[in-house]
Amino acid sequence: MQEERFSALQLGVAWHRFNGLMDETAQTFVRTSFSSVVRDNWDLAMGLMDSRGRQFAQSSRSIPSFIGTMPRTLAVMLRRYPASSLKPGDVLISNDGYHGTGHLNDITMVRPIFRRNRLICFIGGVFHTVDIGGAPSITARDSHEEGLTIPVCKIVREGVENEDVIAFISENLRAPEETLGDIRAQFAAFEMGRARLLQMLEEERIADLDALVDEILDRSEAAMRRAIQAAPDGVYRDRIRIDGFDEPLTIRCEIRIEDSSLAVDFSGTSPQIDRPINSAMNFTRAYSAYAIKCAFDPATPNNDGSFRPVTITAPEGCLVNPRRPAPIWARHLSGHYLPPVIFSALSQVMPERVIADCGSPLWNVYFSGRHGDGRRFVTMFFMNGGHGARPHQDGPACLSFPSNVATVPIEHFENSVPLLITEKSLIPDSGGAGRHRGGPAQRVAFRVSSEHPVTMTIRHERVRFPARGLLGGSPGSPGRDYVNGERVPAKVRMDLQPQDVATFETPGGGGLGPPGERDAARLEADLKSGVVTPRGAAAAYGSGTATGEGQGD
């Protein structure tokens, strides 16, 4: 093979092998991990970046924001440690929310890979840790209150762990063995990925990896430009109201398509606030780019080339581009609204490529307390709302979007902490009506089985403003939070006493298309399954539908 010329077959084989390698690396990380959030939730991502820091491969099962921010975090790392200063076996680490994924709970690590004493690429990983010191405060006034910031540093130097870095991490965490276990599991994954990559380069006779990456990125860019060029030029706008904190907030979006380029601008969005729901620009770019990729070119493997035709801007000091040190711990409470506002704007020009609003931002709950033997625990449970209806199908129930986390099995959760899940069920009539119905929401209830109080922290959205329907579809149901049957605020930190029951009703997904165009057979199936009740059908779809009468007309 010539160094800088690759046939389509050679390129395709290498490209698929790179992505397969990242999947294998992610599996190695998961198998050796210590925490449930990695092992069960898959709250992680792995990626390959070339010697210039350009991402060209990723694990297929990954969190979009982690993939979107990893190259930008590497760029900051290389300003602190230039590539020329790195040695084989070094591993860089940081969790700075403004340089990373948007909050401190996500740890980014990168290892340089050398071949014949020359740095050829970087293997990187991001994972979520439940505890990062401090307290998960929904009232934090700045980012300094939100926990431990790990500055860009070397956690491993030439294959030897940096004891100083390990020490300051350990001294700030409640359960350091879990987080350090995940960190070391990623070390193992990096080593496996490094060895496999070098073997693959030899097998594929790739002498110049950067030249191959040039080709991959150019082809991805061309695919995205063709997709953008196929859409009509123009300016498309939308705005969305979100619950906010003390008062509702607004996110405005303008999409400008011109030839093969696309620009997303969030001018007019509400100013940043002194509560931890601001979305750092890295997070904003990642979820905006993700939405554009889903709508225009979902099939081409994701890499930096796909986003060369896309520009994403937001005024400094606004909710989706705050100035440091604005609090950002719960940045998903604004950042997860970016795909729906982008999809809604694009529905004016490509209605067959977008979905209605989902019952997100992602719902979760933090519990902390003590086991019966006095051991401390900190845990998190994810609860997805209903998915938005799709152009040709109903929305699935309780499927994570735009994040990509899985759910912890109930039995595993109950076995690890002194809490019992007393209910986990779908909520009838919660999915928005439409030609295609929104996904139903779920109800999840937790009872404290410990003899000690348990501290609960929640930060939920879609309580004031439910998931919107699209193209004539109806909104989904709003979310609700209860303790012992009484409503509680959607953003609160409170102590639960033994035998208290916390119940969460997640939001339903929005419907798509006019409800009057709903297929009679599908509505009948909804009634039989209980997803829609007779009374709900009558209210949403009109008289006669409650009993199925006249549905063949």
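Taking 18 Å as the straight-line reach from the Cα of Lys154, the lysines in range (excluding those fewer than 8 positions away in the same chain) are Lys87. In segment 372-463, the alpha-carbon atoms span a convex hull of 117 Å³ per residue.
Per-residue Karplus couplings for segment 395-404, computed as 6.51 cos²θ - 1.76 cosθ + 1.60 with θ equal to phi - 60°, are listed in order as x, x, 7, 6, 9, 5, 7, x, 6, 9 Hz, Gly and Pro entered as x. Each peptide among 176-182, 126-132 gets the average number of other Cβ atoms lying within 10 Å of its residues, and from highest to lowest they stand as 126-132, 176-182. Normalised size of the chain, defined as Cα radius of gyration per 2.2 N^0.38 Å with N residues, equals 0.98.
When the helices of the chain are scored as -39500 (n - 2.57) per DSSP H run of n ≥ 4 and the total is divided over every residue, the value at 222 nm lands at -9000 deg cm²/dmol. For the chain, the share of accessible area belonging to carbon and sulfur comes to 47 percent (1.4 Å probe, ligands and nucleic acids excluded). From most to least packed by mean Cβ count within 10 Å, the peptides 250-260, 521-531, 47-57 give 47-57, 250-260, 521-531. Extension gain for Arg157 to Arg375 (0.36 nm times residue separation, less C-alpha to C-alpha distance): 75.1 nm. Using all pairs of distinct alpha-carbon atoms, the Kirkwood hydrodynamic radius of segment 1-105 works out to 15.5 angstrom. Any idea what log10 I(q)/I(0) is at q = 0.14, 0.16, 0.25 Å⁻¹ for segment 300-368, Debye with uniform C-alpha scatterers and no solvent? For segment 300-368, the Cα-only Debye profile gives -0.66, -0.84, -1.20.
Note on Lys528: lysines with a C-alpha under 25 Å away, same-chain residues under 8 apart excluded, are Lys424.
The values are calculated or read from the model by the stated rules, or taken from the named source; none is laboratory data. Remember, it's a predicted structure, so these values are computed and weren't measured experimentally. Virtual Cβ from ideal backbone geometry, glycine too; neighbours counted across all protein chains shown. The accessibility values were calculated without ligands, DNA or RNA, using every heavy atom of the protein model including side chains. Shrake-Rupley method; radii C 1.70, N 1.55, O 1.52, S 1.80 Å.
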